[in-house]
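Read the structure below first, then the notes.
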Amino acid sequence: MEAKVLIPDPSRIKEELINKYPAKVAKKRSKSIVINDPETVPEVQANVRTVPGIITQRGCSYAGCKGVVLGPTRDIVNIVHGPIGCSFYAWLTRRNQTRPEKPTDENYITYCFSTDMQEEHVVFGGEKKLKVAIQEAYDLFHPKAIAIFSTCPVGLIGDDVHAASREMKEKLGDCNVFGFSCEGYRGVSQSAGHHIANNGVFKHMVGNNNTPAEGKFKLNLLGEYNIGGDAFEIERIFEKCGITLVASFSGNSTVRAIENAHMADLNVILCHRSINYMGDMMEVKYGIPWMKVNFVGAESSAKSLRKIAEYFGDEELKARIEAVIAEETPKVQAIIDEIRPRTEGKTAMLFVGGSRAHHYQDLFAELGMTTLAAGYEFAHRDDYEGREVLPKIKIDADSKNIEELKVSADPELYKPRKSEAELEELKAKGLEINGYEGMMKQMQKKSLVIDDVSHYESEKLIELYKPDIFCAGIKEKYVVQKMGVPLKQLHSYDYGGPYTGFEGAINFYKDIDRMVNNPVWKLIKAPWEKEESGSLEASYVTQ
Amino acid sequence: MTAKTATQNACKLCTPLGACLAFRGIESCVPFLHGSQGCATYIRRYLISHYKEPIDIASSNFNEETAVFGGSHNLKLGLKNVTQQYKPQVIGIATTCLSETIGDDVPMILKEYKAIMGEADLPAMIFASTPSYSGSHIDGFHAAVRSAVKTFATGGAKKNMINLFSGMISPADIRYMKEILTDFGMPFMLLPDYSQTLDGGPWAEYHRIPPGGTATSAIAESGCASASIEFSSTLEASKSAAGYLESEFGVERHQLPLPIGIKASDRFFAVLEALSGQPMPEKYEDERRRLVDAYADGHKYIFGRKAILYGEEDLVISVAAFLREIGVTPVLCASGGKSGQMKKRLLELVPDMAEQGIEVREGVDFVDIEHEAERLQPDMLIGNSKGFTMSKKHELPLIRIGFPIHDRFGGQRLHHLGYRGTQELFDRIVNTVIEERQKSSPIGYTYM
């Protein structure tokens, strides 16, 4: 869609962002703050450690492993091995929903299990307590699987959660028990935890059940965590289209589905950052290609469905998908027609996640809004610049500490779903197989791209750009709103959602309209409305 | 109750969270966690979800090397960066499980840091040791308050002022306490005062650190106060700020339960009258009269009802005593905290608790509480938002008090203390019972 707003030259803004920092910090930060050019895509420094004392929005490895990837599967009992805080803070705080088929089906999402480590365990070791905790959880629920998550002290005192898990798995017999070394100090952010989680799920779950999956067009949905019911909307669309969802990683998922995932013929990836490892590993071991899709935005959803149809190459599927798009689009268009006159020409900033800052730009474009600046909290360079930079990414001490699984083709189960020739043909048709072009190629020239934006920088950005809406999470929400700018939470959706698919797009348009055109903002004088502030002169020109 | 080893659905939060909250109540103070960045992020998001205000917490961002070789370098670098960006007057440093497990000697690192940097231009630094494998959030809170007083308080000639260590109460409660002390015409130092930092207005200008909080100059004077009032039933003098001031500077310590209910509020006002030499201002006599009147008018709706009460020990003890005052039986008083004092302290306020069928459980979680609920068949739950799942499952109304309240709006503006707070709480309890009646009655009561 056409941009309606000219973006001011951001070089002065960049200068302002870093001039308060000590020289060394300024030098480091300037590599993570870049002025975009979609043609030549400049390098962005990403996935590097936050400098101590610079307040970041990033979380930890444990948060990425337990909170993000493993949390949404409803029938795994997740036991957090450590003192109480870590388990408490990840207790239902992610808004990932789940829908058991029957009310009596297993669902442990509302539980928060912790070994609640005390001083004596730090001194004398906590493995014994962990094993008792596993036994207790088993006796209570007889779950199919129990996962153990290590928090900071565990690695330091030398508790071996993997050995304890193996021992208990053997003892219990009918329960899969496995551990994760996701101590909070590992890696630079939650991203390390995603990788650790992918490894564990791949090693301990995927491939455990070889029952052939039913259905003609079978795929897995990777990197969709069902925040606010997002996965439900995608499931609805798939069902309408006649696409079989074998497993979801991991929104609204079950142990059985994940164990059976290798029976699908395609992996579609939503959040590339958190789950691309799984896509790669399943490709190598089972011969299932993966494709990057985006179900955030009505146009993007339609595009993603067409990509899936093209992959399967079935005319009937193509026709059915076109019929679904034709049926869904008028509802969406009616809402756009109503709302767009009120949102046209407004501006947005997105600093969130490892894929959301990219995906949600599509929804804003559909409302005629321009993204001035965007960045991820925990992504890597490939999420910004595209996967072609992968060979150029420097391996630092932090990434070296995260295990890379050695995966090879399974002697029995490896079956390439498409031949080399077929894959080439699909690529020639414009299908990005096993690829992701990243965020920056889709962003306007002179938009600002900032990795791991600090609290200080985001305040400064608001002061300088005066956006109509800022998208981030709860940690930024109230400081941004204090300055008279509405903040849309793109982690928890401010209790809203779903925002995926066609229904989701409608929800999002309405929510954004309610926020940017809300009368309450007239009662709050933004700092720059009060008097001359040190900001840039307004240089937005409506075309 | 089953004796469990693991904790399932905890009824407590971690120690450093309490310390960060207390640091937020000191003017121009940035809380700083020595450990992995995840702790700062989690604690920020949790506090923010309740207070709905920005909360910055810095961290020393441990990595694997730091975890092995110690956090001295990261701490110093972090302090330097926070100082440069925020220009705070104070940095409140609390430890985490990580730095405590590896045994970082923070006071020594701070000493080295000061030596390198030269004292003059540095912000003041408060340090609280808060490993989360020891105690719960309330212990971290008190540790931070005590440490602030130890850092700043100096002795000297006695002044006509008192200290109020009000504990982990709501911003609205803090404002009310300040109003009361002001109306008594008594100079005071209230610590920690996050009434504005965690419940303030929009900003006309940018603030690195939100305005408000107890000034360090006021904390410095706390050693010269004529007395301290400390709200807590279970806090030992050796762990409390008022305890420190008493032993160090001879400032008399008045330990009072949180003033909830008429009796406890009367006790608080009596101490204020004694310390100020002033009678209770008419305004509060009025508030008290209205409350007594409300008790008389509302008793018939709630008398004989049973409640399960949970949360921090001090809050539970005080609310339990209040419930007895209005004829509601707190059949279970539960806490994830484990001071070992809970039963004893409640017994002092409710001597007939055994005959009334009041049970006290320390160190429990929500699974334990739920087991008890099945046996005790209460009419209502009183506590924080974490009781929601139980409330939904057992179709019990939940009256939200304390912290955290993240599934309702305005938790930071709830009153709990004094005649005014009791009035608010009383009205909510009565209305909850009436609403249940209204909902369950086939005709629905539309007039009362």
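The values are calculated or read from the model by the stated rules, or taken from the named source; none is laboratory data. From a predicted model like this one, the values you see are computed outputs, not experimental measurements. Cβ placement follows ideal geometry from the backbone for every residue including glycine, while neighbour counts extend to all protein chains displayed.
Taking only pairs six or more apart or across chains, which ones have beta-carbon atoms under 8 Å, a first residue in region B:287-309 that is on the phi > 0 side of the Ramachandran plot, and a second residue that is in a strand (DSSP E or B)?
Once the first residue is on the phi > 0 side of the Ramachandran plot and sits in region B:287-309, its partners that are in a strand (DSSP E or B) give B:G304/B:T329.
Output the number of residues of region A:34-49 satisfying the condition of being surrounded by fewer than 24 Cβ atoms within 10 Å (Cβ to Cβ) and either of a type in the set (A, V, I, L, M) or under 14 Å from B:C39 (Cα atoms) (or both).
Total meeting the criteria: 4.
Can you find, within region B:40-64, the residue that is farthest from A:D494 (Cα to Cα) among those that are more than 7 Å from chain A (Cβ to nearest Cβ) and assigned to a helix (DSSP H, G or I)?
My answer is B:A40.
Filter region B:337-379 for residues that are among the small types (G, A, S) and touching a residue at least 60 places away in the same chain (Cβ under 8 Å) and give the result.
Correct list: B:G337, B:S339, B:A373.
Considering only residues that are in contact (Cβ under 8 Å) with a residue 60 or more places away in the chain and surrounded by fewer than 24 Cβ atoms within 10 Å (Cβ to Cβ), which ones fall in region A:162-198?
A:N176
Within region A:83-111, work out how many residues are closer than 26 Å to B:G18 by Cβ and either within 11 Å of chain B (Cβ to nearest Cβ) or of a type in the set (D, E) (or both).
The number of residues fulfilling the criteria is 14.
Can you name every residue in region A:112-138 that is under 21 Å from A:V177 (Cα atoms), at the interface with chain B (Cβ under 10 Å from one of its Cβ atoms), acidic (D, E) and out of contact with any strand residue (DSSP E or B) (no Cβ under 7 Å at 6 or more places or on another chain)?
Residue satisfying the conditions is A:E136 alone.
Please state which one of B:L309, B:L323, B:L332 is surrounded by 16 or more Cβ atoms within 10 Å (Cβ to Cβ) and touching a Ser or Thr at 6+ places or on another chain (Cβ under 8 Å).
B:L323
Which of the residues that make up region A:304-341 are surrounded by fewer than 14 Cβ atoms within 10 Å (Cβ to Cβ) and touching a Leu at 6+ places or on another chain (Cβ under 9 Å)?
Residue satisfying the conditions is A:G313 alone.
Give the residues of region A:45-82 that are part of a strand (DSSP E or B), away from every other protein chain (no Cβ under 11 Å), more than 16 Å from the chain's Cα centre (by Cα) and not aliphatic (A, V, I, L, M), sorted by residue number.
Matches in region A:45-82: A:N78 only.
Residues to consider are B:I91, B:I109, B:I102, B:I116; find the one that is within 26 Å of the chain's Cα centre (by Cα) and either farther than 27 Å from B:F69 by Cα or of a type in the set (A, V, I, L, M) (or both).
Exactly one of B:I91, B:I109, B:I102, B:I116 is within 26 Å of the chain's Cα centre (by Cα) and either farther than 27 Å from B:F69 by Cα or of a type in the set (A, V, I, L, M) (or both), namely B:I91.
From the list B:S60, B:S36, which one is of a type in the set (S, T, N, Q) and closer than 30 Å to B:F165 by Cβ?
B:S60
When you check B:A148 against the structure, is it touching a residue at least 60 places away in the same chain (Cβ under 8 Å) and in a loop (DSSP other than H, G, I, E, B), yes or no?
no
Check B:Y86, B:Y113, B:Y133 and return the single one that is more than 29 Å from A:E119 (Cβ to Cβ) and aromatic (F, W, Y).
On inspection, the qualifying residue turns out to be B:Y86.
Each row is one residue, and each column tells you yes or no for (1) away from every other protein chain (no Cβ under 11 Å); (2) farther than 17 Å from A:V69 by Cα; (3) basic (K, R).
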| residue | (1), (2), (3) |
| --- | --- |
| A:I146 | yes, no, no |
| A:G155 | no, yes, no |
| A:K169 | yes, yes, yes |
| A:L172 | yes, yes, no |
| A:N176 | yes, yes, no |
| A:C182 | no, no, no |
| A:R186 | no, no, yes |
| A:S189 | no, no, no |
| A:G193 | no, no, no |
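Would you be able to tell me the number of residues in region A:506-525 that are of a type outside the set (S, T, N, Q) and not in a helix (DSSP H, G or I)?
Final tally of qualifying residues: 3.
If B:S99 satisfies every condition in (1) touching a strand residue (DSSP E or B) at 6+ places or on another chain (Cβ under 9 Å); (2) facing chain A (nearest Cβ under 8 Å) but one, which is the exception?
Against the list (1) touching a strand residue (DSSP E or B) at 6+ places or on another chain (Cβ under 9 Å); (2) facing chain A (nearest Cβ under 8 Å), B:S99 comes up short only on (2).
On the basis of being touching a residue at least 24 places away in the same chain (Cβ under 8 Å) and not assigned by TED's automatic domain parsing to the domain that holds B:E348, does B:V271 make the cut?
Yes, satisfied.
Taking region B:53-75, which residues are at positive phi and either of a type in the set (D, E) or surrounded by fewer than 23 Cβ atoms within 10 Å (Cβ to Cβ) (or both)?
Once the filter is applied, which keeps residues that are at positive phi and either of a type in the set (D, E) or surrounded by fewer than 23 Cβ atoms within 10 Å (Cβ to Cβ) (or both), region B:53-75 yields only B:G70.
Residues that are within 30 Å of A:S492 (Cα to Cα): find the helices (runs of 4 or more DSSP H) completely inside region B:323-439 holding 1 or more of those.
B:366-376, B:388-393
Anything in region B:388-419 that is free of Cβ contacts under 8 Å to residues at least 60 places away in the same chain and under 16 Å from the mean Cα position of the chain (by Cα)? List them, or say none.
The answer is B:R400, and nothing else.
Go through B:P192, B:P202, B:P171 for me and flag whichever is within 14 Å of chain A (Cβ to nearest Cβ) and either touching a Ser or Thr at 6+ places or on another chain (Cβ under 8 Å) or charged (D, E, K, R) (or both).
B:P171
Could you go through region B:14-35 and let me know if any residue there is facing chain A (nearest Cβ under 8 Å) and assigned to a loop (DSSP other than H, G, I, E, B).
Yes: one or more hits.
Within region B:226-249, track down each residue that is polar (S, T, N, Q), under 20 Å from B:A274 (Cα atoms) and within 19 Å of the chain's Cα centre (by Cα).
Correct list: B:S228, B:S232.
For A:D37, indicate whether it is away from every other protein chain (no Cβ under 11 Å), modelled with pLDDT under 95 and assigned to a loop (DSSP other than H, G, I, E, B).
No: the conditions fail for A:D37.
Take region A:142-197 and flag every residue that is of a type in the set (A, V, I, L, M, F, W, C), under 19 Å from B:G35 (Cα atoms) and assigned to a loop (DSSP other than H, G, I, E, B).
A:C182, A:V188
Conditions first: (1) buried (at least 19 other Cβ atoms within 10 Å of the Cβ); (2) under 28 Å from A:N199 (Cβ atoms); (3) within 14 Å of chain B (Cβ to nearest Cβ). A:E457 passes all but one, so which condition is the exception?
(2)
So the check is Cβ under 7 Å with 6+ separation or different chains; which pairs have a first residue in region A:471-489 that's facing chain B (nearest Cβ under 8 Å) and a second one that's among the charged types (D, E, K, R)?
Matching pairs, first to second residue: A:I474/B:R45; A:K475/B:R44; A:K475/B:R45; A:Y478/B:K52; A:Y478/B:E53; A:V479/A:E459; A:G484/A:K525.
When you scan region B:1-10, do you find a residue that is outside the structural domain of B:F141 (by TED's automatic domain parsing), at pLDDT 95 or above and not aromatic (F, W, Y), even just one?
Within region B:1-10, one or more residues are outside the structural domain of B:F141 (by TED's automatic domain parsing), at pLDDT 95 or above and not aromatic (F, W, Y).
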